[in-house]
Every structure is written in structure tokens, then in C-alpha cells.
Amino acid sequence: MRVFDFDAAIVRMPAPSVVNGLRDGDRDDPSHEGVLAEHRAYIAALEAAGVSVEILPPLDAFPDSVFVEDQAFVVPEGAIVLRPGAPTRIGEAAGIAPALRRRFARVLELDEGHADGGDILILPDEILIGLSARTDRAGAERFVALAAELGRTARIVETPRGILHFKTASALVDEETVIATPVLAPCFAGYDVLVTPEGEEAAANLVRVNDRVLVSAAFPRTIDLLAARGLDLVALDTREIAKIDAGLSCMSLRWKAL
Ligand code: CIR
């Protein structure tokens, strides 16, 4: 089984409050309708790639709750409920936990520090967790211990300053290839690293799902780079979620059921 072979996913509908989602700086609010349309297309792309998607209802009390990736970590062997590092997001974890308990026999809980799933990158041979403004050392160390309980080796790295999450700037493309922004490229010794073209750094937040690669439609040079590798690409509109610092990985939790 490849680490990007998935047959199940959980997503959460964007609530009307998504217009108040966290963002760095004072970018315009996204529209609820626009986020809904991007979310709908994302679910369709997961399904077309062979994934069965469970759709949870919106949580209006949590504007960023559509970004379920930050709330938990999942692998076929089990799940870890995380503790998101933004004060307005920490309550999201309690919202995802019941769904995980329904789907996984083993559900562990991060009980120290903070960690966002956006800082956790699953590679074929190990898992990287980046320290960031959202993921602190206590949370990362506890995550490493809990991942070991699920039979996984995780290693702590640094998310460069000014980057929201480690996966804002990197993703696994295939078993030998990673895409990363120039600043994160040195983290991936031993991998074939595709470096995002200048001005297209946000394209690094793509998602490999089975034989498809879901990529933002906003980055034509990155799309050309990936297409030249013969990858099966699905270009998705991310203009609304980008206004609140989000990309494609953050809208689902994905795994292969055992
Ligand atoms: C936040 O700042 O937490 C949200 N507005 C965006 C979260 C994006 N999550 C991710 O990349 N994993």
C-alpha cells in the first residue's frame, strides 16, 4: 500500500462563519457561496479518484472548522485527535473526535502542547512534523510518541518562519518525489524535489490521492511541471479558500481502511 492510497475521507461542510476564517494580514473575506463551490468540487475530485467521502455538518461556532486536516492525524491503524494551536480553533478537535471514534478502532489524543495537522507530512519512510506558530515542541514531541504507538516513525523539523504550516509549502507527489518551495526544498534529502516556480509557492499545497494529483488551478507553471512528469492532474479552484490561508490538503482527512 502506498501512503497516498486512500479509499475513505472525512470532510466538513463550510459554515456561513467561514467568511471570518483566520488569515495573516487583512485580505478580503471569502464568500460563503464561493467556499461552498470550491468544497463541492473538491469532494467530487476525491470521489472521482476512488475515495468514499463522509460529509460532516457545518459548525458555525468555528469559522475554520472546514479545515479538518488540522484537527486530527489519520493512518489505517488509527487516529490521533490533535490540539490546534490557534485559540479559536482548539475546540474543533472535540468536533471531529466522535466521527473518528465511529471509523477507527484506535483513537489516541494529543494531551500536551499544540499541533496542527497541516504541519504533519506523511512520507513513505517517515512522518515529518514541523514546528510552527501553531505546532509547539511539547505538542510535536507528544505527537511523535503517539505516532509510535500507531507503529509510525515521526521526526520533528522546523516550519520556516512566516509559513503557516509545513504543508503550506510541501507535499508528496509520488513515492520518490516531493514538491516544495525553495526554502523547504533542503528538508527532503533523498527525494527528487520539484521546486515551485517563483510566485507559485502556494502550489506546493497539493494532494496526491491514489493515481491523481489535486492541484490548485491558479498555478499554470506548476501544472506544466507536474504534467511533464506524466501525472494525472485535477486542477481545482482555490481562490476563495486562499483568502483565508488554506489550500487543498487542509479540507480532508484521508486514509485507507484496513
Ligand atoms: C487557519 O489559519 O487556521 C485557517 N484559516 C487555514 C488553515 C489551513 N490549514 C492547513 O493548511 N492545513
For the range 156-176, indicate whether the set of residues that are in a loop (DSSP other than H, G, I, E, B), surrounded by fewer than 22 Cβ atoms within 10 Å (Cβ to Cβ), free of Cβ contacts under 8 Å to residues at least 12 places away in the same chain and of a type in the set (D, E, K, R) is non-empty.
yes
Please work out if LEU56 is touching a residue at least 24 places away in the same chain (Cβ under 8 Å), in contact with a helix residue (DSSP H, G or I) (Cβ under 8 Å, 6 or more places away or on another chain) and under 27 Å from ASN210 (Cα atoms).
yes
Of the numbered conditions (1) more than 27 Å from ASP26 (Cβ to Cβ); (2) touching a strand residue (DSSP E or B) at 6+ places or on another chain (Cβ under 6 Å), ALA228 fails exactly one; give the number of that condition.
(2)
For the range 177-194, the count of residues that are closer than 17 Å to VAL209 by Cβ and buried (at least 20 other Cβ atoms within 10 Å of the Cβ) equals 2
Close pairs from the range 116-134: first closer than 16 Å to ALA148 by Cβ, partner buried (at least 24 other Cβ atoms within 10 Å of the Cβ) and aromatic (Phe, Trp, Tyr), Cβ under 7 Å, at least 6 apart
ILE120/PHE73; LEU128/PHE166; ILE129/PHE143
Could you tell me whether the range 30-37 includes any residue that is closer than 27 Å to GLY162 by Cα and in a strand (DSSP E or B)?
no
Within the range 202-253, residues being of a type in the set (Val, Ile, Thr), outside any strand (DSSP E or B) and more than 12 Å from the ligand (Cβ to nearest atom) number 2
Can GLY130 be described as away from the ligand (no atom under 13 Å from the Cβ) and either of a type in the set (Gly, Ala, Ser) or at positive phi (or both)?
no
Checking ARG142, ARG134, ARG106, ARG101 in turn, the sole residue that is crowded, with 18+ Cβ neighbours inside 10 Å, more than 26 Å from VAL173 (Cα to Cα) and modelled with pLDDT of 95 or more turns out to be ARG142
Residue check for PHE104: of a type in the set (A, V, I, L, M, F, W, C) and within 16 Å of the ligand (Cβ to nearest atom):
no
Find the residue count for the range 144-182, including only residues that are under 27 Å from LEU258 (Cβ atoms), more than 17 Å from the chain's Cα centre (by Cα) and among the charged types (D, E, K, R).
5
Can GLY85 be described as modelled with pLDDT of 95 or more and farther than 20 Å from ARG137 by Cα?
no
Of the residues in the range 64-84, those that are within 9 Å of the ligand (Cβ to nearest atom) and surrounded by fewer than 21 Cβ atoms within 10 Å (Cβ to Cβ) come to none
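The values are calculated or read from the model by the stated rules, or taken from the named source; none is laboratory data. Since this is a predicted model, take the numbers as computed values, not measurements. Glycine also receives a Cβ, built like all others from the backbone with ideal geometry; neighbour counts cover every protein chain displayed.
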